[in-house]
Every structure is written in C-alpha cells, then in structure tokens.
Amino acid sequence: MSSLALPHVTFLGGHPRGTGETTGLTAVLDRSGIDLRRPIRRFLRLPWPTLRGLDIRTPSLLSMALDGPGLRSGGAHLDLHLDQGICRLHVPGTPAPELRERLAAWAADEAGPPAPLPGTPPPPPRQARGPADVVRMSLDIWRAAGVGREGVPDRNTLAYRLSVAEDHRHCGRFTEALALLEPLAAGATAAFGPLDKDTLAVRNELGQAYLAAGQVDDGLDVLREALAAAEHGQGADDDLTLVVRNNLAVGYQQAGQYAQAVELHERNIRHSERRHGRQSRQTVGRRNNLAATLALAGYRRRAIALYWEVLDALPAGDDNLAVTARQNLAILHNPTWRP
C-alpha cells in the first residue's frame, strides 16, 4: 500500500477540532483517508467517508491577503468539504493544476485496474398486498391503456397524457406508464407525423419507461429510432435531439455497454457546444454526464479530469452541478471506492 505525502502544508481552519492556523504540517493520503501530521504526532485525521466534497484552487489575491503574508508565494488551496464545514489547507510550491494531477495519478494507481459497474438489474416486481390490491392494479392498467388508445384531438391533450405517463414512471408504476405510452405513441404519430417534436417527446418517454421497467432492449430500440428521427426531422443540434441522445447514452450505460454510452455522450457534447457554446450550463451539464459514465466504466482518472473541467466552468458558489462535481471528486480520490 502506497501513500502520497504533501509537505509544508498549512491548516487554515474550517474543522471543529482545529485550533486556528497551523503551519509545518504534512498531509498524507492513503487508502483510509487524509492525515495531517506534525513532526511527532498526528494533528487531524480525515477519513474518506467523511468527505462530502473536494476542491483544489489557485488562491485568489483576496484569500491570500486574508490568510496572511506568509502565504503570498502561491501554491494551491485544498478544500475538504465536511458535514461541519470546509477544512482548508494551503499547499505551497505546487500550482493547482499540478496538485490536481498528482492526486489523480496517485488515486488511479492506488485503486488498481479499472473495474466497470455491471449492467443495472431490472427492478423487483411490484408486490400486491392481497386480492383487492390486485384488482386495483389491474383497473389502473386498464384505465391507462384506455386513455392511451383514445384519439389525440390536439397537442394540449397529448401533453396532458404525456405528463400522466411521466407521473406513472416517476412513481414506479411502470406497467401503467407503458400501457398508456405504447398506444399514445401510435396515436401521436397518426395525428402529427413521425418526425414531429411532440411525437418524438412521447417516444422518448416510452423509451425511458422501458428502461425504468428493466426492459432494456426495448428501451434501446425505441430510443435509437427516436434519435434517428430527431436528427432527421429536427437536426442534430436541436435541444430535443440532445435530450434523446443523452437518454440513449444512459440506456447503454444501464445495459453496461459503456463504449457506446461514452461515444454518444462525447457526440452530444460536441453538438451542445455548437448550439449553446462550450461554457454554457447545458454543455457543462452534458460534460458532467460523461464524467459520471466514465467513473462507472472504471476510468477513474479520465472522470476526475472531466469533473475538474466541469467545476472550472461553473461560477463560484453552491451551484448544484458544482456541489455534485465536488462530491464525485471526493469519491473518486478515495482509492477504495469501486463503481
């Protein structure tokens, strides 16, 4: 078991057991966590499971001024987010990009060969709590199928039925969702055509419902067809096309087919950059999706590098995407974590 030692570290506060600024520490990273050590004894112990986020930044002029004249030589701030606050360390002599690279290389080497997460198993079947529950579930499915088979007189009606189906899916009522969506997709195609945006939205929801129900092959088939239709009818850079392509990538990930998932996410990022710009929130969010897929595929170092890109593209503060990126960086730097 190897460790990574960062000498001459200064503790700047943020931990309830800290007693203010403390210089001359060594930060030692190993498989169990991060030790802050004095020359003779331990100063502070931070086990990996206690970290809620990790960030490495170049200190700003303001933060260097507030931290004291001894820290004006540069280096990097290493922020370790905890339930009780943010424990901040100053690592001198190592620029933030270099420190990020050192930590990522150590974590990847210590973790060992990639081990991808297997395909997601189907959800367990819903359990009926007696004859009355069986009857109620059967009636719900019958009603959903009946609503799906009704004619589609206008787009508002279609949107309402689609929202009902989405509610079924989000609540775990997958059979009801599919019973409604399968005939609704055919009705939308008949009413508005196969390349229409509303028709494609229904087919996108149908594909997601199949995936959620564990019918992965059916979900992939539907989403592949929907993506081809969206690219042809709406354009490769259209927002709906971007959504369908992302959902197809998620489907491949669910099936454990990571090469296809990564390729689709990368393609989606290129199209999102062309439509919205490289630093737009939409594109950053899609880069975040690729990072998550890379992590589950076992490509820890690539995922870490991409999460740094995500974090650098976001404004400072508690943006939800930034919080997620910091959380995942803390997880991925723990060499004992496995997908």
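The values are calculated or read from the model by the stated rules, or taken from the named source; none is laboratory data. Just so we're clear, the structure is a prediction, and the values are computed from it rather than from any experiment. Using ideal geometry, Cβ is built from the backbone for each residue, glycine included, and neighbour counts are taken over all protein chains shown. Areas reflect the complete protein model, heavy atoms only, side chains present, ligands, DNA and RNA absent. Shrake-Rupley method; radii C 1.70, N 1.55, O 1.52, S 1.80 Å.
Within region 83-110, the set of residues being farther than 23 Å from LEU12 by Cα, among the aliphatic types (A, V, I, L, M) and over 21 Å from the mean Cα position of the chain (by Cα) comprises just one member, ALA105. VAL250 passes every criterion in (1) assigned to a helix (DSSP H, G or I); (2) under 25 Å from PRO123 (Cβ atoms); (3) among the hydrophobic types (A, V, I, L, M, F, W, C); (4) more than 13 Å from the chain's Cα centre (by Cα) apart from (4). Selection within region 279-309: residues that are under 15 Å from GLN327 (Cβ atoms) and of a type in the set (Phe, Trp, Tyr). The member of this set that is surrounded by the fewest Cβ atoms within 10 Å (Cβ to Cβ) is TRP308.
Flag not set for PRO123, criterion: open to solvent by 20 Å² or more (accessible area, probe 1.4 Å), more than 30 Å from GLU176 (Cα to Cα) and of a type outside the set (Gly, Ala, Ser). Scanning region 89-120 for residues that are of a type in the set (Val, Ile, Thr) and within 30 Å of ASP217 (Cα to Cα) gives a single hit, THR120.
When TYR252 is tested against (1) under 28 Å from PRO59 (Cα atoms); (2) open to solvent by less than 50 Å² (accessible area, probe 1.4 Å); (3) free of Cβ contacts under 8 Å to residues at least 40 places away in the same chain; (4) not small (Gly, Ala, Ser), only condition (1) is not met. For region 21-55, name all the residues that are outside any strand (DSSP E or B) and acidic (Asp, Glu). If the condition is that a residue be outside any strand (DSSP E or B) and acidic (Asp, Glu), then GLU21 is the only one that fits. Anything in region 104-115 that is out of contact with any Leu (no Cβ under 7 Å at 6 or more places or on another chain) and modelled with pLDDT of 90 or more? List them, or say none. Correct list: ALA104, ALA105, ALA108, ASP109, GLU110, ALA111, GLY112, PRO113. Each residue in region 102-120 was checked for being open to solvent by less than 50 Å² (accessible area, probe 1.4 Å), part of a loop (DSSP other than H, G, I, E, B) and farther than 21 Å from GLY251 by Cβ, and 2 of them qualify. In this entry, PRO339 is excluded by the filter for residues that are open to solvent by 20 Å² or more (accessible area, probe 1.4 Å) and free of Cβ contacts under 8 Å to residues at least 60 places away in the same chain.
All but one of (1) of a type outside the set (A, V, I, L, M, F, W, C); (2) at positive phi; (3) open to solvent by 80 Å² or more (accessible area, probe 1.4 Å) hold for LYS197; which doesn't? Single failed check for LYS197: (2).
The residues of region 149-168 that are assigned to a helix (DSSP H, G or I), within 18 Å of ASP196 (Cα to Cα), in contact with a helix residue (DSSP H, G or I) (Cβ under 9 Å, 6 or more places away or on another chain) and without any contact (Cβ under 8 Å) to a residue 40 or more places away in the chain, listed by number, are ALA159, ARG161.
For region 126-140: of the residues being over 23 Å from GLY214 (Cα atoms) and among the small types (Gly, Ala, Ser), which is least open to solvent (accessible area, probe 1.4 Å)? Taking the candidates together, the pick is GLY130. Annotation note: of LEU227, LEU178, the sole residue that is more than 30 Å from ASP133 (Cβ to Cβ) and not basic (Lys, Arg) is LEU227.
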